[in-house]
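Heads up: the structure comes next, in structure tokens.
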Amino acid sequence: MAGTSAWREFPRGIRWRRTWEVHFQWVALRRIHQIVQFALHQGHAYIVIREICPVASREWANICIVALMCATIRTVAERREGLLKADRVPPKEVATRLPRPLGVILAYPTFAWKGKAMEHSTKHHSGRHRYLSGKRILPQPISEGSDIASIIDNMDAYNGGRLRAACQLMRTKYSPDDVTIGLSIAGALTPAGLGPSTIIPLMNHGYVDWMVTTGANMYHDLHFALDMPLFRGSHTVDDADLRDKGVTRIYDILFDYQDVLMATDRVLRKIMLQPEFQKEMGTREFYHHLGKVVNALEQKNNLGEVSVLAAAYRNGIPVFTSSPGDSTIGMNLAGLELLAEAVGLGDHFRLRINPSIDVHDSTAIILNAKKFEKGKTGVLLIGGGSPKNFLLQTEPQIQEVLMIPEAGQDYDINITDARPDTGGLSGAPPSEAASWGKIDPTKLEETVTAYIDVTVAFPLLVAYVRQTTKPKRLKRLYDRGDELREKLIRSYLENNKEVEELKSIMNKLPTYGS
């Protein structure tokens, strides 16, 4: 090329990279001016622009040269007026006066002040091995013999890499018997069939010791035990026509309004009128009683293991719902309370859900695992929402409210599609949780966040765990509820320095009913 020799005549030390990714340091304004002047005098202005961008046309190059000269002259004038520093002029001062993309290019120079070229000696990069110590990206080809575990282990980057990291963390850190695992589930996962396909297999494998979920998930879980069908459908149907025909939709899941929703409600109300439900309790105890009934229905209908509540009952896994009124279960409970009040049968129907009981019982699980059994705790957060917070708030409850010394959860896996920059808890990363005491700040390297649809990632994660680990011993924490509560009370009274003051104030309150 004719311009090549001319390009070599440019002042020594100046180099332009032949790509749009031009990474600069600071540039002297007079150096920019010198380059343009030299190009104009030598007739090589087009070559300068082509060296910046090989795809530039001659007309585009001429426009850029004029714009560059105008911006240079204006910046020189401002510098003389004292608006800019005399010694070092940031190229962005020039670039802000240029049209894109030239302004973007000139905002990042590749040469230093006074024409000093960057040195590439290894002595300037002695710490690079810290960043280049990971496994080399050179995956094996997928073959007809590839299984789920090998495919996931073969994922090297982006959210595929995050899913791999989550799976491997489950395999290495969550597998010891002294690790107590809490699972939170948000989103309509049970109507999508993830109960039988994913959640129950993880429970049976010993990788769920306690669980927090929405009331809606537990309500829709009942359909499966009652043998009430839900169908694959389409999200593009006419919803007004669905309503007219008595069909209910959850995105692309369709089911009958009368034969599923109303029928489930009728069964649920009769269950809640049974004698064992007539007391004040938390959702932990409520779901245990409900799971016992559902387990019998599941066996009667000969459907196999299809209900999460039934599996939790069989395995002694405590289940919590942080906002019990926010579901059809809570709505039906409220309806029965209203009926009892209206007909004067409040002394007969005494079922009440007390959320404070759940706060105590969930907190006691974590305190026992960390303080009394000297073990570790890990959380698996599927989605976000209220279940995620309720599961994680056990640590602030221990540290902040009860004033018992503790550090936070040891391991954390988040699978979510929520963004972290909106301030919502659903997308909040483990590092933010560490600032609240929810996650041990010294264990942040043992946390993973994967931004993936949970209906894709959760089944893959469970398949990986089932293929790469041995079943864990079931802790049956529900059966130890009274023991764990007693340990919580004892630790609270021993550590909280406000107990006597609060006790004194409480003692002055009028007795209930006076």
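We did not get these values from a lab; they are worked out from the coordinates using the rules stated. What you are looking at is a predicted structure, and each value in this text was computed from that prediction instead of being measured. Here the Cβ is made from the backbone with ideal geometry for all residues, glycine too, and neighbour counts use every protein chain on show.
Rounded to the nearest angstrom and ordered from largest down, what semi-axes does the equivalent ellipsoid of region 127-197 get from its C-alpha gyration tensor (root of 5λ)?
So the equivalent ellipsoid measures 28, 19, 13 Å along its semi-axes.
Given just the C-alpha atoms of region 157-257, how large is their convex hull per residue in cubic angstrom?
123 Å³
Over all pairs of distinct alpha carbons, what does the Kirkwood formula give as the hydrodynamic radius of region 186-325, in Å? Display every interim value, and only then the final one.
Numbers: mean 1/r = 0.0638 Å⁻¹.
One over the average 1/r among Cα pairs gives 15.7 Å for region 186-325.
Efficiency by 1/(1 + (r/R0)^6): what FRET value for residue 347 and residue 506, r their Cβ-Cβ distance, R0 = 25 Å, to the nearest 0.05?
Working from the Cβ atoms, E equals 0.35.
Which peptide among 127-137, 330-340 comes first, and what is the full order, when sorted by highest mean count of other Cβ atoms within 10 Å?
Peptide ranking by packing, descending: 330-340, 127-137.
State which entries of 245/279; 371/472; 292/438; 270/370; 279/497; 279/374 exceed 30 angstrom in Cα-Cα distance in the structure shown.
From 245/279; 371/472; 292/438; 270/370; 279/497; 279/374, over 30 Å: 245/279; 292/438; 270/370; 279/497; 279/374.
Quick one: what do you get for region 370-514 if you divide its Cα Rg by 2.2 N^0.38 Å?
Cα-based Rg divided by the globular estimate yields 1.29.
By per-residue mean of other Cβ atoms within 10 Å, what is the highest-first order of 181-193, 362-374?
Details: 181-193: 23.4, 362-374: 20.8.
Put in order of decreasing packing, that is 181-193, 362-374.
Which length gain, in nm to one decimal place, applies between residue 257 and residue 422 when the Cα-Cα distance is subtracted from 0.36 nm times their residue separation?
My answer for the length gained is 55.8 nm.
Region 290-343: percent of C-alpha pairs farther apart than 17 Å?
The share of Cα pairs beyond 17 Å in region 290-343 comes to 53 percent.
For region 148-497, calculate the relative contact order in percent as a whole number, restricting contacts to Cα pairs under 8 Å that are 6 or more residues apart.
Working: 610 pairs, mean separation 88.4, N = 350.
Dividing the mean separation by the residue count of region 148-497 yields 25 percent.
Quick one: what Rg and Dmax do you get for region 400-454 from the alpha carbons, in Å?
Looking at region 400-454, its Cα Rg and Dmax stand at 12.1, 37 Å.
Binning at 10 angstrom from zero up to the longest distance, how are the C-alpha pair distances of region 148-497 distributed in percent?
Per 10 Å bin, starting at 0, the Cα pair percentages come out as 5, 24, 33, 25, 10, 2, 0.
Starting from the Cα of residue 243, step 7 Å along the direction of its Cβ; do the same at residue 326; then give the gap between the two resulting points in nm.
2.4 nm
Give me the mean projected area, in nm² to one decimal, of the convex hull enclosing the Cα positions of region 452-514.
If I average the Cα hull's projected area over directions, I get 9.8 nm².
Going by Cα centres, region 438-514 and region 347-396 are how many Å apart?
Region 438-514 and region 347-396 have Cα centres separated by 4 Å.
What percent do you get for the relative contact order of region 134-270 when only Cα pairs under 8 Å and 6+ apart count?
Numbers: 106 pairs, mean separation 21.8, N = 137.
Reported relative contact order: 16 percent.
Relative contact order (percent) for region 210-350, with alpha-carbon contacts under 8 angstrom and 6 or more residues of separation?
With pairs under 8 Å counted, the relative contact order is 36 percent.
To make sure I understand, if each residue's beta carbon is the centre and we count other beta carbons within 10 Å, what order do 213, 511, 328 fall in, fewest to most?
The most exposed by this proxy come first: 511, 328, 213.
How would you rank 289, 235, going from fewest to most other Cβ atoms within 10 Å of each one's own Cβ?
Least to most surrounded, the residues fall as 235, 289.
Within a Cβ distance under 14 Å of residue 237, other residues only, what is the Lys/Arg minus Asp/Glu net charge?
-1
Under the 0.36 nm per residue contour assumption, what length would be gained going from the current alpha-carbon distance of residue 432 and residue 489 to full extension? Mind showing how you got there, number by number?
Numbers: separation 57, 0.36 × 57 = 20.52 nm, distance 2.92 nm.
That pair, residue 432 and residue 489, stretches by 17.6 nm at full extension.
Note the full-extension length gain between residue 146 and residue 280 as 0.36 nm times their separation in residues minus their Cα-Cα distance, in nm to one decimal.
Net length gain for the segment: 43.0 nm.
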